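This is the structure I have questions about; it appears just below.
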Amino acid sequence: MVTGGPGMGKSALLATWLTRREAAGDRVPHHFIRRGEYDWDDPAKLVGSLVAQIAARFPDPPEPEADARMHPAARLHAALQRVSQHQLVPQGRRLVVLIDGLDEYDPPAGSVAAGAPGRDPLAEFLPHNLPPGVSVLCASRPRHPYVDLLLARGAQQLDLDGAALAADNTATVQAFWDQAAPELDLDARFIAEAVDRAGGNPQHAEMLRKHLAGLPPERRRVEDIPAGLAGLLARTWGRMRADPTVVEGLGVLCAAREALTLDELQAVTGWAGEAQRDAFKRTALEVLIETRRTEAVREYRLHHDSIRAYVADAVGAAAILRHHLALAQRLATWPAPADAAARRYALHHALLHRAEAGAWADAWRVAADLAFLELKCRELGVHDAEADVARTAARCRASGDKVHGDRFAALARALGRESHWLRAAPEATAALVWNRLRRSGWSASELDAQLHVPEGAEFLRVRVRRAATQESPALVRDLAGHTDQVTACAMTPDGRHVVSGSSDTTLKLWELASGRAVATLQGHTEKVRACAVTPDGRHVVSASNDTALKVWELASERAVATLQGHTEKVRACAVTPDGRHVVSASDDQTLKVWELGSGRAVATLQGHTRAVTACAVTPDGQHVVSASVDGTLKVWKLGSERAVATLQGHTHHVTACAVTPDGRHVVSASADQTLKVWKLGRRRAIATLEGHTLSVSACAVTPDGRHVVSTSNDQTLKVWKLGSERAVATLQGHTHHVTACAVTPDGRHVVSASADQTLKVWELGSGRAAATLEGHTASVTACAVMPDGRHMVSASADRTLKIWEVASERAVATLQGHTDRVTACAVTPDGRHVVSASADHTLKVSELASGREVATLQGHTKRVSACAVTPDGRRVVSASYDQTLKVWELARGRAVATLQGHTRLVTACAVTPDGQHMVSASVDGTLKVWELESGCAVATLQGHTHWVNACAVTPDGRHVVSASEDQTLKVWELRNRRPVATLTLEGHTGGVSACAVTPDGRHVVSASEDQTLKVWELATCTCRITHRGDARYDAVAVGATTVIAGDAVGGVWFLELPASMASPVPQARQPSAQRQRWWRRLWSRRA
């Protein structure tokens, strides 16, 4: 590690060494960090650059594809380890990696690592331990905290400012002048004085040399040599400030974030022509570095940060602000010119320059251009786009511009909430951002006025999403990547990462700021049940159904120990505060205490009579608390293997426990739907927290000990204020059981894990509460648009149907009566009745005007899965899990035919527009076409490779569309005697659960388990639109201009089709007086 003050030559020393090594044919992996430059100081990009250079020098063995997803430090360690093992050690070679400007690296603002005592921000990209044969050469200014961190790692320091090197520094300057003297024809007295006045600072020598080179010999006077770098800068600036061209150019370079060409400088400054360009280059060259952008193009930047700081202070803040504005208007322009360099500069710095200039309206114009955001997401990454907008929001609010500040903040939140989708599909930026802002409360007119949607962008625009509960505004982002239930989560001590465990047998390490999975830990053979991070943040311990615990080194992503001894599933683990031991809980009714250093079990705690579900260690490390299926908690004295207390009070399994930071209380969670707070000294419950509606699965206490967070199978988290026994917040957004939670060390966020395969990051104490809305409380299983196009019906697993007014997106009536989930619904052609199918084995016919049930159709012996009304409104067809279809006469409410032929459950049915045929779909993988009059199957449609979930007939009756669990849709031509699939629509990544054809027959809309809706153009067999949602889509219906969709968490989505895809709207008839009275009655009932 080379250290030294400004101008002492740290970078020059490293650069010279690098040049010499490369001249000798030794390609040295290197990186130069520059503060605030995302490509230069982002750990992932820094490591990516180094790994690419290492791979270029040592191509064998190649980097495994999975390594690119590792934590940056782990990825670099893995690359170095491969080279060490396969090349360096066997051949006795050495590899040096060069990193300049360590003091330029800043951890993200607001993170625990940013300035927190004891934290090592360099661990983000620099491995703690280097493999044999590998060294790192780096540079930093002295008295920087990183110097101590590296010294603690065992780094050797070369301090250019130290007394030991004072003579060497002087000798370096002497050598410099000895070499430069002949060129400038300087005598010994002049050289001696130059060396003395440099004070051992090579920057002083270099600047003075450049200045003297531009003077005639007669003007080179010893008495004009300033003493010290500061004196030389003052003298240099005194000469340069007389020329406005030079002052303007240097000021622009101070504000610029990168080196600029003379063409770019001229564009920004407004220089008239070559004379001013030449004057600037001639006069300012002594403080500039000239580099090549291309073979023919030179670019210029200030020679050193000390020069930048001096010039910025000399020209003044007002001038720098003016230069930022000029850079924004003339270089970082948007829309960007076709030139690749100009576009790159704009993507990086368009918002920064406008923010520095306080040009908030123009900054918003750029940020609100969704093409700009899309390109940032594509080329720089989603995190860069979000962070850039968030920084602008903070600066804008600090300036006092609340209006624009709030807009920027809302846009940053939208990017964060959709970051998981944006990483997968940056081309959907316009749709995702527009719809997220719409859902957050922006009106459509406000969005149209504020956002610039790229020309030609087509997407389904959210009008509203209705559900009994709305996603909590406190939700910051989703972490998506596991392929099965997420069962556990734990924070790293620096608060920057969270570790998750999953039923997919893996653990993942996530970066909280960006939502990226940076590492995947593989090794368990069954579900991972729990995880815990050691206090030093270097290791994670995991517990699994495979009866083992594993200890993982995060830097290398490898398991360094496997702890075996339990005879049943291991459900939980906790690390002691000193990091020396881990405690595990198991279905074998015991807890074990393991020594991490040796990997051996040093104690077995026995006493529970059923499976032990959880464990927590007290802050003093003296006791462990355990929870059990036997309904009790036990407090154990570590070291004695005996229970010192048993806490009884829950009426069902105890699922989790957590100890408060002061060690005086323990909080427990139970399947009895409550939490209890226990005072450890008194061994009794002092409070019971009630509010969850299903089993409470986990709990965590905030670092200040004032609140507890709980998770539940009711799909929510609750935040409770300890001492008041009341929930102060309910966090909603998960679509399945919430299994675990962890609070960040700063207490500002909580991370939750869920059976919906995601983790979510929530803001604690945001003051933003979820709204309670009209809507379903469980999965929406079906929806149908009424003949008038003004209303629609939805069916739900909550056993109800709801009638919605499409224009206002409001529920105007709720129909009840079924005793199990409602699986389907269909409206009669006259719009007077709705038919519903249910898992209670029945269909019901309800009168829409009164909401009363007029008939119950009984006859199926299992769940009724679907229903459809014939065009004449006289009959209804139903499909059932009893492998049959039935045809019912609506007037009499009786079954007139039973159609048999499928060999497994029948999932769907649809009637052709002429009313003569019906199509059915089945789990047997086929569709059948039936003649309604005779009840005979006239065709069987085969081609899907999995069960068929849904079917729909085109309005002309010529085609049927089917949706399947094989992730495809097929279009079948019905007129053939032997119908075949004429088209296969591929693109979904999950089973396709529903489909609907637009009224004009040109498009089909599909709903899928992959959380998307797709709009397909039937004529071309292409997907025109993909709409990305929050949960699995189970139902879809299409009107002339509207798509109605239902999701797995009770959401009813009202989406607007693009004008190019809308069907002609039929002339609406004026509602009759009776119909108007009917709607008034519905509204009055609702009121």
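Pop out the ³J(HN,Hα) list for the stretch 1040-1056 in order, Karplus 6.51 cos²θ - 1.76 cosθ + 1.60 with θ = phi - 60°, rounded to Hz; leave Gly and Pro as x.
4, 10, 10, 10, 10, 9, x, 10, 6, 10, x, x, 10, 9, 9, 10, 9
Computed over the Cα atoms of the stretch 339-417, what is the convex hull's projected area averaged over all directions, in nm²?
If I average the Cα hull's projected area over directions, I get 4.6 nm².
So for each of 989-999, 490-500 I average, over its residues, the number of other beta carbons within 10 Å; can you give me the resulting order with the highest mean first?
Per-residue Cβ counts within 10 Å, averaged per peptide and sorted highest first, yield 490-500, 989-999.
Now for a separate question. Given only helices, namely DSSP H runs of n ≥ 4 each adding -39500 (n - 2.57), what is the per-residue ellipticity at 222 nm of the chain, to the nearest 500 deg cm²/dmol?
Here the helix-only value at 222 nm equals -8000 deg cm²/dmol.
Any chance you could give the angle, 0 to 90 degrees and rounded to 10, that helix 188-198 forms with the longest Cα principal axis of the chain?
40
Order of Val83, Val96, Val528, Val960 from fewest to most other C-beta atoms within 10 Å?
Neighbour counts put them in this order, fewest first: Val96, Val83, Val960, Val528.
So what's the net charge close to His566: Lys and Arg +1, Asp and Glu -1, counting the other residues with Cβ under 14 Å from its Cβ?
Around His566, the charge tally is +1.
Next question, about the same structure. What angle, in degrees between 0 and 90 and rounded to the nearest 10, separates the Cα long axis of helix 72-83 from the longest principal axis of the Cα atoms of the chain?
Orientation of helix 72-83: about 70 degrees from the principal axis.
Please sort 136-144, 335-343, 684-692 by packing, taking for each peptide the average over its residues of neighbouring beta carbons within 10 angstrom, highest first.
Per-residue mean Cβ counts within 10 Å order the peptides as 136-144, 684-692, 335-343.
Using amide H atoms built in the peptide plane, which far-off residues or other-chain residues are under 5 Å from His497 H to H?
It is Thr492, Leu512, by chain and number.
To continue, here is another question. Can you compute the FRET efficiency between Gln522 and Glu458 using 1/(1 + (r/R0)^6), with r the Cβ-Cβ distance and R0 = 35 Å? Round to the nearest 0.05.
My answer for the efficiency is 0.30.
Quick check: pseudo-label points 7 Å beyond the Cα along Cα→Cβ at Glu22 and His652, how many nm apart are they?
Going from the Glu22 label point to the His652 one covers 6.6 nm.
I'm spelling it out carefully: the read-out is P(r) over Cα pairs in 20 Å bins from 0, in percent, the candidates are [x] 11, 33, 33, 18, 5, 1, 0; [y] 8, 16, 20, 13, 11, 10, 9, 8, 4, 1, 0, 0; [z] 10, 35, 37, 16, 2, 0, and one was derived from this structure. Which label?
Among [x] 11, 33, 33, 18, 5, 1, 0; [y] 8, 16, 20, 13, 11, 10, 9, 8, 4, 1, 0, 0; [z] 10, 35, 37, 16, 2, 0, the one calculated here is [x].
Count charges around Ser922 for me, please; just the other residues with Cβ under 9 Å from its Cβ, Lys/Arg as +1, Asp/Glu as -1.
Net charge in that neighbourhood comes out at +1.
Hey, with R₀ at 60 Å, roughly what FRET efficiency would Thr777 and Lys637 work out to, going by the Cβ-Cβ distance, to 0.05?
For R0 = 60 Å, the calculated efficiency reads 0.80.
If we count every other residue with Cβ under 11 angstrom of Asp504's Cβ, Lys/Arg +1 and Asp/Glu -1, where does the sum land?
The answer is 0.
Moving to a separate point now. Determine ³J(HN,Hα), in whole Hz, for all residues of the stretch 10-23 in sequence, where each value follows from phi through the Karplus function 6.51 cos²θ - 1.76 cosθ + 1.60 and θ = phi - 60°; x replaces Gly and Pro.
Per-residue couplings from phi come out as 4, 5, 5, 4, 5, 5, 5, 4, 4, 4, 5, 5, 6, 5 Hz.
If you line up the Cα atoms of the stretch 165-235 on their principal axes, what length do they span on each, largest first, in Å?
35, 27, 17
If packing is taken as the average count of other Cβ atoms within 10 Å, what order do 890-899, 1002-1011, 949-958 fall into, highest mean first?
So the peptides 890-899, 1002-1011, 949-958, ranked by packing, come out 1002-1011, 949-958, 890-899.
Rounding to the nearest 10 and keeping the result within 0 to 90°, find how far the Cα-based axis of helix 228-240 lies from the longest principal axis of the chain.
80
HN-Hα J couplings of the stretch 943-951 from phi, Karplus 6.51/-1.76/1.60, θ = phi - 60°, integer Hz, Gly and Pro as x?
Here the 3J(HN,Hα) series is x, 6, 9, 8, 5, 9, 8, 7, 8 Hz.
Could you put His323, His303 in order, starting from the residue whose Cβ has the fewest other Cβ atoms within 10 Å?
The fewest-first ordering by Cβ neighbours comes to His303, His323.
Tell me, Leu76, Leu95 in order of fewest to most beta-carbon neighbours within 10 Å?
Lowest to highest Cβ neighbour count: Leu95, Leu76.
Now for a different question. Amide H of Gly5: which non-local residues (sequence gap of 5 or more, or other chain) have their own amide H closer than 5 Å, using H built in the peptide plane?
Placed amide hydrogens put Asp161 under 5 Å from Gly5.
Taking only C-alpha pairs under 8 Å that are 6+ residues apart, what is the relative contact order of the stretch 165-235 in percent?
Computed over the stretch 165-235, the figure is 34 percent.
Residue separation times 0.36 nm, minus the C-alpha to C-alpha distance between Thr294 and Asp620: what's the value?
Taking Thr294 through Asp620 to full extension adds about 111.1 nm, to one decimal.
List the lysines whose alpha-carbon lies under 24 Å from that of Lys844, not counting same-chain residues fewer than 8 positions away?
List returned: Lys802, Lys862, Lys886.
To continue, here is another question. Under 8 Å for C-alpha pairs, at least 6 residues apart: give me the relative contact order for the stretch 332-466, rounded to a whole percent.
Relative contact order of the stretch 332-466: 22 percent.
Further question: For Thr1042, which sequence-distant residues (separation of 5 or more, or a different chain) have an amide H within less than 5 Å of its own amide H, given hydrogens modelled in the peptide plane?
Leu1057
Considering Cα pairs under 8 angstrom that are at least six residues apart, work out the relative contact order of the stretch 780-991 and quote it in whole percent.
Result for the stretch 780-991 is 9 percent.
Tell me, in nm to one decimal, what length is gained between Cys936 and Ala317 on full extension, where the rule is 0.36 nm per residue of separation less the Cα-Cα distance?
214.2 nm
Here, each number is a calculation from the coordinates, and none is a lab measurement. For clarity, every value in this text was computed on a predicted model and none was experimentally measured. Positions of Cβ are generated from backbone atoms using ideal geometry, with glycine treated the same way; all protein chains shown enter the neighbour counts.
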